[in-house]
Amino acid sequence: MPPYAPELNPVEGVWPHLKRSPANLTKHSLDRLTAWVKTRLKRMQYRPRLIQGLIAKTGLDLQPP
């Protein structure tokens, strides 16, 4: 595998999904921003199809050989 291949990393798909909120978070405190990120990640955790989609987008087969 190449040393840096963002298209093969499912986490790269999380960030665009996470940043879809219309709120302007730049004027809030770090604590509030942290709480917002944790809440959004927690919501994603309970959406298995979203997680499966992010993994499928990489095209990698996660089944053991």
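Observations, loosely collected:
- Every residue from the range 24-38 that is exposed (fewer than 10 other Cβ atoms within 10 Å of the Cβ) and either under 20 Å from GLY53 (Cα atoms) or modelled with pLDDT under 80 (or both): ASN24, THR26, LYS27
- For the range 7-23, the tally of residues that are at pLDDT below 75 and in contact with a helix residue (DSSP H, G or I) (Cβ under 6 Å, 6 or more places away or on another chain) stands at 0.
- In the range 54-65, residue surrounded by the fewest Cβ atoms within 10 Å (Cβ to Cβ) [restricted to those that are in contact with a helix residue (DSSP H, G or I) (Cβ under 8 Å, 6 or more places away or on another chain) and part of a helix (DSSP H, G or I)]: LYS57
The values are calculated or read from the model by the stated rules, or taken from the named source; none is laboratory data. The shown structure was predicted, so the numbers you read here are calculated from the model rather than taken from an experiment. Ideal geometry is used to build each Cβ from the backbone, glycine not excepted, and the neighbour counts take in all protein chains shown.
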